[in-house]
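One structure below.
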Amino acid sequence: MDDELLGLAETCRPILGGYPIDPQCGSDPSDAGLLHLTCEMLADAPSAEYDEAALTEVGDALRAELSDVPAFTTEAGPPIGNVAGAVLDVWPEADTVALIERTRSAIRKARGDEALHHSGGRPHISLGYSYGTASSDPLNSELRNKVVPRRATLLVDRVHLLDVAWTFDDELGRWRMTWEPVAEIPLGH
């Protein structure tokens with residue numbers, strides 16, 4: 001795992017705790033938790049409607065499309081608060097955008113254009129999702145003044161196909177993301 005990235009996320013965690021943001025990193029500094037960089041979502045059907053054959057088809061398409069994509073290193077950061085929560089932008093982004101486009105191509109081949117209804121905007125890693133409202137001005141000031149270093153090296157050497165679910169946590173009174181691994185596709189294999 002990327003120790004620099006985990007360190008950056010862990011440095012942000014106590015700051016995010018003062019805002020209505022559900023941190024994606026685990027409570028242990030070595031736990032990536034749900035930190036992720038979304039390449040694409042399958043949007044043609046709810047995940048419950050994807051049977052094993054459909055998931056295998058998508059996994060096989062990803063393996064074929066990504067077999068000649070080499071692993072690469074980029075950077076994540078600085079941390080930014082926004083309307084959706086808090087993110088780390090990915091820069092330089094050229095290799096990441098190319099990976100996203102190849103992932104989209106694989107999904108298009110396996111599921112058709114109707115599976116592609118998502119635009120995640122600029123490549124980013126979600127540090128946490130907001131579950132309420134607050135001003136991002138003091139959050140961004142805290143992130144800017146208290147988080148050093150502001151960037152972390154990120155090694156991208158695999159893509160994970162995940163079954164993602166949003167479930168309501170009655171105890172916390174908010175929605176939480178969970179996922180189950182479906183396939184892991186190493187780059188350049």
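Scanning the stretch 17-44 for residues that are over 17 Å from the mean Cα position of the chain (by Cα) and modelled with pLDDT of 90 or more, we see that the one that is nearest to TYR131 (Cα to Cα) is PRO20.
From the list GLY26, GLY59, GLY17, exactly one residue is free of Cβ contacts under 8 Å to residues at least 24 places away in the same chain and over 19 Å from ARG144 (Cα atoms). Which is it? Even if it seems obvious, please write down each step before you answer.
On the way: GLY59 fails: free of Cβ contacts under 8 Å to residues at least 24 places away in the same chain; GLY17 fails: over 19 Å from ARG144 (Cα atoms).
From the options GLY26, GLY59, GLY17, the qualifying one is GLY26.
Looking across the stretch 13-34, the residues that are open to solvent by 50 Å² or more (accessible area, probe 1.4 Å) and assigned to a loop (DSSP other than H, G, I, E, B) come down to GLY17, GLY18, SER27, ASP28, PRO29, SER30, ASP31.
Among residues that are polar (S, T, N, Q), over 18 Å from GLY81 (Cα atoms) and in contact with a Lys or Arg (Cβ under 9 Å, 6 or more places away or on another chain), SER27 is included.
Tell me, yes or no, whether the stretch 46-63 has at least one residue that is within 18 Å of ASP163 (Cβ to Cβ), part of a helix (DSSP H, G or I) and among the hydroxyl-bearing types (Ser, Thr, Tyr).
Taking the stretch 46-63 as the starting set, the residues that turn out to be within 18 Å of ASP163 (Cβ to Cβ) are 46-63.
Now drop any that are not part of a helix (DSSP H, G or I), which leaves 47-49, 52-63.
Retained after the next criterion (residues that are among the hydroxyl-bearing types (Ser, Thr, Tyr)): 47, 56.
Taking every residue of the stretch 46-63 in turn, at least one turns out to be within 18 Å of ASP163 (Cβ to Cβ), part of a helix (DSSP H, G or I) and among the hydroxyl-bearing types (Ser, Thr, Tyr).
Taking the numbered list (1) polar (S, T, N, Q); (2) closer than 22 Å to ASP22 by Cα; (3) out of contact with any His (no Cβ under 9 Å at 6 or more places or on another chain); (4) open to solvent by less than 50 Å² (accessible area, probe 1.4 Å) in turn, SER126 passes all entries but (3). Inspection of the stretch 65-72 finds no residue satisfying the criterion of being surrounded by 13 or more Cβ atoms within 10 Å (Cβ to Cβ), touching a strand residue (DSSP E or B) at 6+ places or on another chain (Cβ under 8 Å), within 18 Å of GLU180 (Cβ to Cβ) and in contact (Cβ under 8 Å) with a residue 40 or more places away in the chain. Just to be sure I understand, how many residues within the stretch 35-64 are open to solvent by 40 Å² or more (accessible area, probe 1.4 Å), in contact with a strand residue (DSSP E or B) (Cβ under 6 Å, 6 or more places away or on another chain) and not hydroxyl-bearing (Ser, Thr, Tyr)? Number of matching residues: 3.
The values are calculated or read from the model by the stated rules, or taken from the named source; none is laboratory data. Predicted model, so just to flag it, every value in this text is computed and none were measured. For neighbour counting, all protein chains shown are included, and Cβ atoms are generated from backbone atoms with ideal geometry for every residue, glycine included. For the accessible areas, the whole protein counts, side chains as well, though only heavy atoms, and no ligand, DNA or RNA atoms are used. Shrake-Rupley method; radii C 1.70, N 1.55, O 1.52, S 1.80 Å.
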